[in-house]
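Remarks on the structure that follows.
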Amino acid sequence: MTTEREQLIATVRQGFAARFGGEPAAIARAPGRVNLIGEHTDYSEGFCLPCAIDRETLVAWRPRDDGLVTTLACDQGGQVDRFNLADPIVPVSSHAWANYVRGTLAAMQADGIVLKGADLAIAGNVPLGAGLSSSAALETAVATALEQRLGVALEAGRKARFGQRAEHEFAGCQCGIMDQLTSAAGRAGHALLLDCRTLATQPIPLPGDVAVLVLHSRVQRGLVDSEYNLRREQCVQAAAALGLTMLRDADEAALQRLSGRVPELVWRRARHVVTENGRTLRAAEALRAGDLRGAGTLMRESHVSMRDDFDIVPPAVDELARLVNGVLAGEGGARMTGGGFGGCVVALARTGAVEAVREAVLRDYRAPSGEPALIWTCRASDGAGALT
Ligand code: GLA
């Protein structure tokens, strides 16, 4: 039986051969991610606990000597983007995907890396628009391909910054560092406790009989960038009212002081971030101790905080999480994951409970569009590197 990875390798090799002729020099890969807990905390330099997943983007590449970068998107009807490294790298309006490639390369250049020409073919199986960081996987895979092309070794945190800068400057999303850092530094069988101030990553082993379930609500993530950027501004506003630059440095006592100094809505945003940082650290401890019930409780609390204080959980996604939590009955937990306003629910469950969750969700959940949820069991996977 052909595995999904084998299919993906075949797609990227065939695409490469059809467009550029012959074989690539090498293939780089980078995974998507799912966040277990610690949502909307990264851009306040807080904590999150994601894992890289076994859905990934591949970049097959071969050097060129003429300073051109030619990129083929195998999944986008074979669209091609091309630019000359002798000219400033600027965004294009023709293909949205191309800006992630261009933005990553521009960020590498701005950081002093002297780039060289290459032919790149890209293919991936991270679901698009589901909140599983398909764009971070693309950015990190491109940076990894260039790393190979130039024969250098980039530290995970530095590589992650390139993708983040691509989002900021070429895609218009003021995202944090979680997605790219997870894609760069993931560890098979582990979640990563990220300190988004120092970019330190601490692998936390996932208990052996625990499954990571991802359930796509099929609620389209509308207005994500504008609402996301607004949340970010509200966090900055709350920090400033406390005389801080980042909410990372606020605690429960600071929340009390903040009350009355900012509009109630901004205060609730701050409460989400402050309490979510605490929950994330406690969840890492619980998982390390094999305490699935403890981790599950924190995940449910996180969901409520995202819904009631951060206002990013649409009703259908809330219903999906409620359904899954009902089946798990405390032995694990479920919460919305990612930027919000739609997308996926993540659940930690005993492997023996996965089938019951699947049955209940397929039977009882429908998106507003009438579609059933999509359900994936994910394996916590290694971060970016060469395809071996
Ligand atoms: C998106 C962003 C991340 C992070 C999450 C919310 O995925 O890209 O940086 O802020 O939302 O936790």
(request) Return one quarter of the surface area of the convex hull spanned by the alpha-carbon atoms of region 151-282, equal to its mean projected area, in nm². (result) 10.8 nm²
(message) Just to check, using Stokes-Einstein with a Kirkwood Rh over alpha carbon pairs, what's the diffusion coefficient of the chain at 25 °C and 0.890 mPa s in µm²/s?
(response) 116 µm²/s
(message) Suppose a student asked you for the relative contact order of region 179-285, using Cα pairs under 8 Å spaced at least 6 residues apart; what percent would you report?
(response) 18 percent
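Report relative contact order for the chain in percent, whole number only (criteria: Cα-Cα under 8 Å, sequence separation at least 6).
On the way: 879 pairs, mean separation 88.7, N = 388.
Over the chain, the number comes to 23 percent.
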(message) P(r) for region 211-275, please, calculated from all Cα pair distances in 10 Å bins and given in %.
(response) 20, 42, 21, 16, 1
(request) Can you pull the one-decimal nm distance between simple spin-label points at R366 and D311, each 7 Å off the Cα toward Cβ? (result) 3.0 nm
(request) Normalising by the residue count of region 120-266, find the relative contact order in percent from Cα pairs under 8 Å and 6+ residues apart. (result) 17 percent
(request) Note the direction-averaged projected area, equal to a quarter of the hull surface, for the Cα convex hull of region 1-108, in nm². (result) 9.4 nm²
(request) First measure r as the distance between the Cβ atoms of A25 and R379, then evaluate 1/(1 + (r/R0)^6) with R0 = 25 Å and state the FRET efficiency to the nearest 0.05. (result) 0.30
(request) Determine ³J(HN,Hα), in whole Hz, for all residues of region 305-315 in sequence, where each value follows from phi through the Karplus function 6.51 cos²θ - 1.76 cosθ + 1.60 and θ = phi - 60°; x replaces Gly and Pro. (result) 5, 5, 6, 8, 9, 9, 6, 10, 10, x, x
(message) From the convex hull of the Cα coordinates of region 192-236, what is the mean projected area in square nanometres?
(response) 5.3 nm²
(request) Whole Å is fine, so just give me how far the alpha carbon centre of region 77-149 lies from that of region 159-176. (result) 12 Å
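Each reported figure results from applying straightforward, stated rules to the coordinates on display, with no laboratory input. Remember, it's a predicted structure, so these values are computed and weren't measured experimentally. So basically every Cβ, Gly included, is an ideal-geometry build from the backbone, and we count neighbours across all protein chains shown.
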